[in-house]
Amino acid sequence: MGELIRSDFLVIGGGIAGLNFALHVADHGKVNIVTKSGLTESNTFYAQGGVAAVTTEEDSLNNHIEDTLVAGAGLCHQDAVEILVNEGPQRVKEIIDWGVAFTKKNGSKSEYDLAREGGHSHHRILHAADMTGAEIQKTLSTKALKHPNITVHENCIAVDLITEHHVLNNLQAAFNICFGAYVLKEDEEKVYSFQAKYTMLATGGASKVFLHSTNPDIATGDGVAMASRAGVRIANMEFVQFHPTSLYNPGGKSFLISEALRGHGGHLKNGSGQRFMPYYDKREELAPRDIVARAIDSEMKKKREECVFLDMTHLDKEDVKTRFPNIYNYCLKETGLDITEKPIPVVPAAHYICGGIITSLTGQTSMQNLFASGEVAHTGVHGANRLASNSLLEGLVFSHRAAMKVLRKRTREFHNVFIPEWDESGIIDKYEWFLLKHNLQEIQNIMWDYVGIVRSKKQLLRAERRTYVIFEEVEEYYKRSKLTTELIQLRNMATVAFLIIKSALRRNESRGLHYMQDFPDSNDKFLKDTIV
Ligand SMILES: Cc1cc2nc3c(=O)[nH]c(=O)nc-3n(C[C@H](O)[C@H](O)[C@H](O)COP(=O)(O)OP(=O)(O)OC[C@H]3O[C@@H](n4cnc5c(N)ncnc54)[C@H](O)[C@@H]3O)c2cc1C
């Protein structure tokens, strides 16, 4: 079995939130970052559109606050939103100083080319062409890898948090404290105990629990599942954002067609070539994502079509190629489609989880010494619906606040507890890929069919019954099988699916991203977070 690895700070996750936290604490202590894949494989890397922040006189902080609150449909925490928007510009400036190169206006040395996306009243999205996330991920990763106090452990998956349930010397003082995490290094087939004074969970999203998702394979909700098993409070898991436009490419990898294309003047059309958004919302293609996703869903069902189309052919061809080189090249290479000549086939797909681990305004969870930031966290900024491009900003602002908090309260000593090695006694089964694959596909299908864009009580109850059976089966299998990344992820996905369904069943209304056919209106009785 693996030995004990100690550091002042353990960061689980190497996306924008984990790296930004690590970079802010690293001058004050040793940092271990664990990422379950390569360092650049994260949701952050795939972000296309950009980061929302007020950087011009024509815009104002109040406008950004107002747009965020409107999108959040009554559930945003006003204090968190104000912090996000007020501190956002400083955090963006900081990463620019670190080397993130956002696209500038044609011919300008200092003025940024600001895009506008759905739900935003002004042009305020800083972007690096259509590969903003990759630019941020690369800059932060490079800086972290160069820092002498940071050690990055790639291809290492955190299995569970270490809490009082694991430590052996039963101290009363050890109650509700996180001591680090058990981490599997799969190539060595060893589970190491990573002990830390402070643990930051920055494991990102969970949209892979749905059959169609814009997220890379790492987005399996591990942080929420680990926290939930440790008894940490979690909120608002029913609010899943479905991105209206992912490339419809049956059998191919999922690929996002950024909102920025609609912001740039793209039109959504049905199979008969008719523009339909003006019939659904006066903001047309720039209505918030939930409205556009439901409109597409409704249009597809009405016409019994498998996709709709995003038409860019009426726009300046060279301009489209220059502004969206990544999307242009991907469509051409993967599907032979020239987006300046033909409309792009698109479908909605699960994209972002608004809920997560409840944190204070400084990233503290309900467990001592455990912090959370980024998509895994619930800070209250998104409410019932996230405003486009606010999530990279949230990752920056709140991971920075968490870093400042731990530096203020920093203790010098490790807790005096004995952390036992990972116990593998009772493991009798070898890895059975087919069993895992079957359960995984079942979860994703159930979530897509019964817990998707439009929900009903009957469908949710059916999903609950069926997921529970899978959940129990996976737990049973987990207890007697050798640990692998796939098994850990499947176990986490079963937990997260169950949390989403449970939360959805508690909200007998429609609000923001949660749309119930049998309760189509919002109801003030539910003007509060769903806490599990
Ligand atoms: C295609 C796409 C486009 C997007 N576009 C935008 C956009 O334009 N603007 C915007 O604001 N947001 C956008 N988003 C959302 C945004 O990218 C994410 O919400 C944000 O990047 C999340 O950052 P994070 O640091 O929380 O997590 P991530 O960037 O997802 O990083 C998670 C990290 O945790 C690691 N990890 C996970 N589980 C474990 C485990 N068990 N053990 C060890 N490591 C683990 C992963 O390996 C990874 O390193 C987009 C998302 C996608 C998928």
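The values are calculated or read from the model by the stated rules, or taken from the named source; none is laboratory data. Everything numeric in this text was worked out from a predicted model, so none of it was measured. When we count neighbours, we look across all protein chains shown, and the Cβ atoms used for this are built from the backbone with ideal geometry, even at glycine.
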(request) Restricting attention to region 451-463, report how many residues are of a type in the set (S, T, N, Q) and surrounded by 19 or more Cβ atoms within 10 Å (Cβ to Cβ). (result) 1
(request) Spot the failing condition for Tyr279; the list is (1) surrounded by fewer than 20 Cβ atoms within 10 Å (Cβ to Cβ); (2) of a type in the set (Phe, Trp, Tyr); (3) closer than 23 Å to Ala504 by Cβ, and only one is missed. (result) (3)
(message) Among the residues that make up region 137-144, is at least one of them touching a residue at least 60 places away in the same chain (Cβ under 8 Å), more than 17 Å from Val31 (Cα to Cα) and under 21 Å from the mean Cα position of the chain (by Cα)?
(response) yes
(message) Here is a check on your reading of the model: is Thr40 in contact (Cβ under 8 Å) with a residue 12 or more places away in the chain, in a loop (DSSP other than H, G, I, E, B), out of contact with any strand residue (DSSP E or B) (no Cβ under 9 Å at 6 or more places or on another chain) and among the hydroxyl-bearing types (Ser, Thr, Tyr)?
(response) yes
(message) I'd like to check something: does region 433-450 contain any residue that is of a type in the set (Phe, Trp, Tyr) and either loosely packed, with under 14 Cβ neighbours inside 10 Å or part of a loop (DSSP other than H, G, I, E, B) (or both)?
(response) yes
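Tell me, please, whether a residue that is closer than 27 Å to Asn492 by Cα and at pLDDT below 95 can be found in region 327-347.
Keep residues of region 327-347 that are closer than 27 Å to Asn492 by Cα, which gives 347.
Narrowing the set further to residues that are at pLDDT below 95 leaves 347.
Within region 327-347 (the criterion being closer than 27 Å to Asn492 by Cα and at pLDDT below 95), the answer is yes, since at least one residue qualifies.
Can you tell me which residue among Leu23, Leu19 is surrounded by fewer than 24 Cβ atoms within 10 Å (Cβ to Cβ), at pLDDT 95 or above and closer than 24 Å to Met131 by Cα?
Details: Leu19 fails: surrounded by fewer than 24 Cβ atoms within 10 Å (Cβ to Cβ).
None of the others qualify; the one that does is Leu23.
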(request) Kindly provide the set of residues from region 310-327 that are away from the ligand (no atom under 16 Å from the Cβ) and either of a type in the set (Gly, Ala, Ser) or buried (at least 20 other Cβ atoms within 10 Å of the Cβ) (or both), ordered by number. (result) Met312, Val320
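For region 297-308, indicate whether the set of residues that are at pLDDT 95 or above and either in the same structural domain as Gly119 (by TED's automatic domain parsing) or part of a helix (DSSP H, G or I) (or both) is non-empty.
So the first thing to find is which residues in region 297-308 are at pLDDT 95 or above, and the list is 308.
Narrowing further to those that are either in the same structural domain as Gly119 (by TED's automatic domain parsing) or part of a helix (DSSP H, G or I) (or both): none.
No: zero hits.
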(request) Could you tell me which of the residues Val167, Val100 is surrounded by fewer than 24 Cβ atoms within 10 Å (Cβ to Cβ) and over 17 Å from Thr40 (Cβ atoms)? (result) Val167
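Looking at region 61-95, which of its residues are loosely packed, with under 15 Cβ neighbours inside 10 Å and not acidic (Asp, Glu)?
First pass over region 61-95, keeping only residues loosely packed, with under 15 Cβ neighbours inside 10 Å: 61-62, 66, 78-79, 86, 90, 93.
Within region 61-95, Leu61, Asn62, Gln78, Asn86, Gln90, Lys93 meet the criteria.
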(request) Just one of (1) part of a loop (DSSP other than H, G, I, E, B); (2) polar (S, T, N, Q); (3) more than 10 Å from the ligand (Cβ to nearest atom) trips up Asn62, so point out which. (result) (1)
(request) Can you tell me which residue among Ala26, Ala73, Ala80 is assigned to a loop (DSSP other than H, G, I, E, B) and away from the ligand (no atom under 15 Å from the Cβ)? (result) Ala73
(request) Give the residue that is farthest from the chain's Cα centre (by Cα), with candidates limited to residues of region 6-23 that are of a type outside the set (Ser, Thr, Tyr) and more than 14 Å from the ligand (Cβ to nearest atom). (result) Arg6
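A quick yes/no check of all residues on (1) within 15 Å of the ligand (Cβ to nearest atom); (2) in the same structural domain as Thr139 (by TED's automatic domain parsing); (3) more than 30 Å from Glu306 (Cα to Cα); (4) not aromatic (Phe, Trp, Tyr):
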{"residue": "Thr365", "(1), (2), (3), (4)": "yes, yes, yes, yes"}
{"residue": "Asn369", "(1), (2), (3), (4)": "no, yes, yes, yes"}
{"residue": "His378", "(1), (2), (3), (4)": "yes, yes, yes, yes"}
{"residue": "Asn385", "(1), (2), (3), (4)": "yes, yes, no, yes"}
{"residue": "Ala388", "(1), (2), (3), (4)": "yes, yes, no, yes"}
(message) within 27 Å of Asp113 (Cα to Cα) and not in a helix (DSSP H, G or I): which single residue out of Val346, Val320, Val292 fits that description?
(response) Val346
(request) Would you please list the contacts, defined by Cβ atoms under 7 Å and residues six or more apart or on different chains, that run from a residue in region 368-389 that is surrounded by fewer than 24 Cβ atoms within 10 Å (Cβ to Cβ) to a residue that is aromatic (Phe, Trp, Tyr)? (result) Asn369/Tyr198
(request) Go through region 110-150 and count every residue that is surrounded by fewer than 17 Cβ atoms within 10 Å (Cβ to Cβ) and either within 14 Å of the ligand (Cβ to nearest atom) or on the phi > 0 side of the Ramachandran plot (or both). (result) 1
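Just one of Met200, Met226, Met237 is crowded, with 21+ Cβ neighbours inside 10 Å and part of a loop (DSSP other than H, G, I, E, B); which is it?
Working: Met200 fails: part of a loop (DSSP other than H, G, I, E, B); Met226 fails: part of a loop (DSSP other than H, G, I, E, B).
After ruling out the rest, the residue left standing is Met237.
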